[in-house]
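The values are calculated or read from the model by the stated rules, or taken from the named source; none is laboratory data. Worth saying up front: this structure is predicted, and the values here are computed from it rather than measured. A quick note on method: Cβ atoms are made from the backbone with ideal geometry, for glycine too, and the neighbour counts reach across all protein chains shown. Ligands, DNA and RNA are stripped out before the accessible areas are found, and what is left, the full protein with its side chains, is counted by its heavy atoms. Shrake-Rupley method; radii C 1.70, N 1.55, O 1.52, S 1.80 Å.
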Amino acid sequence: MKLISATFTIKKIPKVVWSSDDSFNLKPKPLTFIFLVFGLFLFGLGESLLITSGAGVGPYTVLAQGISNLTNWSLGLSTFVISIFVLMLWIPLKQKPGMGTILNAFIIALTIEFSVYFLPYPELYPLKVLQVVIGVLTIGIGSGFYLICNLGAGPRDGLMIGLQKLTKLPIAAVRGTLEISVVTIGWYLGGTVGIGTLLFAFGIGPCVALGLYLVDKMFD
């Protein structure tokens, strides 16, 4: 019960002995850097599990599809524009980037690039759903490691942190509201929604909060 309660009520990014004091830290402790890379690798692996499950794309990809339908832009350009827009929202929220913000893009992309060749591509529907669940949990645990490093978040996580500080709501509620809003807009604009998309949208908030809680307790 305590685990479930903490998952839905945690309101800030915990700090442990290896957390950086400043997100704009170019010389972090070796252990902090190792956990940053490890967390981002897990994040990318979780994304790969979603991709290879064949059960639906993530909410922001649905939004990119919708924008592509509306503007005739390529999916890549739409994704890029969304990322820039999300980063611009950091300004009024006073979010600061760091090396984690930059490594976020590189490590996750490289992990996806190579891991999709080694992961299963299930054909049975129950296995597809199971792989999505494992993927979302993996992203949550990876988020716990890399966010607790406090070396800068990725665009979406930074938006989540900024909005949490502004609203004082639990992290699970903030992230869930963001993802559900994004997938709703994307679907309205013509993006394709699958069961994996819905599982991600409704599950990623609690899973990120769970990851933060578990990593915090692991090094408490």
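Can you tell me which of (1) assigned to a helix (DSSP H, G or I); (2) more than 16 Å from the chain's Cα centre (by Cα); (3) not aliphatic (A, V, I, L, M) is the one Asn104 doesn't meet? Of everything listed in (1) assigned to a helix (DSSP H, G or I); (2) more than 16 Å from the chain's Cα centre (by Cα); (3) not aliphatic (A, V, I, L, M), Asn104 misses just condition (2).
Just one of the listed residues (Arg175, Arg156) is of a type in the set (Lys, Arg) and open to solvent by 20 Å² or more (accessible area, probe 1.4 Å), and it is Arg156. The residues in region 138-151 that are within 13 Å of Gly46 (Cα to Cα), crowded, with 24+ Cβ neighbours inside 10 Å and of a type in the set (Val, Ile, Thr) can be counted, and the count is 1. Does region 124-137 include one or more residues that are under 23 Å from Thr167 (Cβ atoms), part of a loop (DSSP other than H, G, I, E, B), open to solvent by 40 Å² or more (accessible area, probe 1.4 Å) and of a type outside the set (D, E, K, R)? Among the residues of region 124-137, not one is under 23 Å from Thr167 (Cβ atoms), part of a loop (DSSP other than H, G, I, E, B), open to solvent by 40 Å² or more (accessible area, probe 1.4 Å) and of a type outside the set (D, E, K, R), which makes the answer no.
If the condition is being free of Cβ contacts under 8 Å to residues at least 12 places away in the same chain and either under 30 Å from Ser20 (Cα atoms) or polar (S, T, N, Q) (or both), then region 46-103 contributes Ser68, Thr71, Asn72, Ser74, Phe80, Ile84, Phe85, Met88, Ile91, Pro92.
Annotation: of all residues in region 206-220 being more than 12 Å from the chain's Cα centre (by Cα) and touching a residue at least 40 places away in the same chain (Cβ under 8 Å), the one that is most open to solvent (accessible area, probe 1.4 Å) is Asp220. Contact map, region 149-172: residues that are closer than 20 Å to Phe38 by Cα paired with residues that are part of a helix (DSSP H, G or I) and of a type outside the set (A, V, I, L, M), Cβ distance under 6 Å, separation 6+ or inter-chain. Pairs shown: Cys149/Thr32; Cys149/Phe35; Leu151/Gly100; Gly152/Gly100; Gly152/Thr101; Gly154/Asn104; Pro155/Ser83; Gly158/Trp90. Of all the listed residues (Ile34, Ile4), the sole one being modelled with pLDDT of 95 or more and open to solvent by 80 Å² or more (accessible area, probe 1.4 Å) is Ile34. One residue stands out in region 67-79 among those that are within 20 Å of the chain's Cα centre (by Cα) and closer than 16 Å to Trp187 by Cα: the one that is surrounded by the fewest Cβ atoms within 10 Å (Cβ to Cβ), namely Leu75. Taking Ser23 and the conditions (1) at pLDDT 90 or above; (2) under 22 Å from Ile171 (Cα atoms); (3) not in a helix (DSSP H, G or I), which numbered condition does it fall short on, given that it satisfies the others? Unmet condition: (1).
Against the definition (more than 14 Å from the chain's Cα centre (by Cα) and at positive phi), how does Gly56 come out, yes or no? For Gly56, the condition - more than 14 Å from the chain's Cα centre (by Cα) and at positive phi - is met. Of the set (1) farther than 20 Å from Phe8 by Cβ; (2) over 12 Å from the mean Cα position of the chain (by Cα); (3) in a helix (DSSP H, G or I); (4) not basic (Lys, Arg), all apply to Ser181 but (1). Note on region 110-123: residues that are exposed (fewer than 13 other Cβ atoms within 10 Å of the Cβ) and either among the hydroxyl-bearing types (Ser, Thr, Tyr) or in contact (Cβ under 8 Å) with a residue 60 or more places away in the chain (or both) total 3. Note on region 181-205: residues that are open to solvent by 30 Å² or more (accessible area, probe 1.4 Å) and touching a residue at least 60 places away in the same chain (Cβ under 8 Å) amount to 10.
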